[in-house]
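Below you'll find the structure, written out as structure tokens, and then a few comments.
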Amino acid sequence: MDRDLLPNAQAAVLDMIFGRWRSQTLYAGVKLGIFEALARGPRAAAAVAEELGLDTALAYRLVRGLASLELLSENESRAFALTETGELLLKDHPQTLRGVTLLEEGPEHYALWSHLPAMVREGRQNAFVREFGRMAFDHAAHDPAYGAVFNDAMSSYSNAQTAWTLEALEDYDFSAIRTVCDIAGGQGHLLAGIVAKYPRLAGTVLELPSVIEERSHLHKNLRYVGGDMFESVPAADAYFMKMILHDWNDEECGRILRTIARAAARAARPGARLFIVEHIIPDAATPHFAKLFDLHMMCWGTGRERTAAEYGALVQDAGWSYVRTWYPRSRMMGVVEARLPAAAS
């Protein structure tokens, strides 16, 4: 290596090594309620500490650290205010990332990554089972606190994901589609966004009955159906799955995709369409969030992130015809389009 480049290379590696310091500082600020305490305007660190029941001296050091991350700003009187970036950590912000912070930097997901070397060495993924003795969805059902954080994070993620999906499909022709089903669609955030843009569409959300019963903020313009995507799905002209298939291995994905194909074929839906919304791994030379998210999925369960070609192979094997992959400008996510062949309809 060129010796002139070494300091830059060292700085880059050190930035990675200490990256967790930043994310854990952010987590502490959210967990302790510091961002919410500053939502009403600038305040002295001592006043924030008193309101939240924190040690004054240590609280100042924490909020100073948050200011160094440009989430807060500090003046000479030790008063702090939210920056535009810090406002994203407020619970009621329309693009809030509060739930994502509490999930990804919380104790459960933090613990998962300690198993990464062993999993790679042994060839067996799923750190949730290693750490907690059960799958992630089962753990969410057994631990209400984790389940609540998980649900909040999914809603938080959905804001950006829905925007990326709508942007990717900006030029898509929906004229032949009248009914849309969002499979494992949670509260229906994505489908609500689609129906709002295309009001003539009738939207149905398929979710587990227990999930629907627990959700208090369901969208009034959508129909909610309880069911299991591995067993059956409602008939529709088009199906959406956002951040679903990456949770499962190829065999499990095949079962889901064949279930959807059977439902569309039984209902005689000619050219039924399928839209798979995921973080798509790009070519080998391109750094991308999806390649790191893939490691998280290795820790989280049995799933993985995939390339567009790998998704194309999955749908082909399950009886669909791959059409193309649509992207927003950022290419942070992709929308894989497939159609049911006429012979299967």
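Worth a mention:
- Residues whose placed amide H lies under 5 Å from that of VAL323, excluding near-sequence neighbours: GLU337, ALA338, ARG339
- With an a/c value under 1.5 for the gyration tensor axes a ≥ b ≥ c computed over the alpha-carbon atoms, the stretch 148-268 is described as rounded.
- Loop-located trypsin sites (Lys or Arg not before Pro) in the stretch 272-345 (DSSP state not H, G, I, E or B) with no more than 13 neighbouring Cβ atoms inside 10 Å: ARG329.
- FRET efficiency for the pair GLU231 and ARG331, taken as 1/(1 + (r/R0)^6) with r the Cβ-Cβ distance and R0 = 41 Å, rounds to 0.75.
- Residue order, fewest to most beta carbons within 10 Å, for TYR311, TYR198: TYR198, TYR311
- Cα lying deepest toward the dipole's positive end in the chain, options TRP164, SER73, ALA49, charges on Cβ: TRP164
- Residues GLU76, GLU337, arranged from fewest to most other Cβ atoms within 10 angstrom of their Cβ, appear as GLU76, GLU337.
- Total charge dipole magnitude, the chain, about the Cα centre, Cβ charges on Lys, Arg, Asp, Glu only, Debye to nearest 20: 680
- Cα gyration tensor shape for the stretch 171-235, rounded if a/c is under 1.5, else prolate or oblate: oblate
- For the stretch 1-132, the gyration tensor built on C-alpha atoms gives an oblate shape. Its axis ratio a/c (a ≥ b ≥ c) is at least 1.5, and a/b is not larger than b/c.
- Relative exposure of SER155, SER330, judged by other C-beta atoms within 10 Å (fewest first): SER330, SER155
Every number here is computed from the coordinates shown, using simple stated rules; none is lab data. All figures in this text were calculated on a predicted structure; none of them were measured in a lab. Cβ atoms come from the backbone with ideal geometry, glycine included; neighbour counts cover every protein chain shown.
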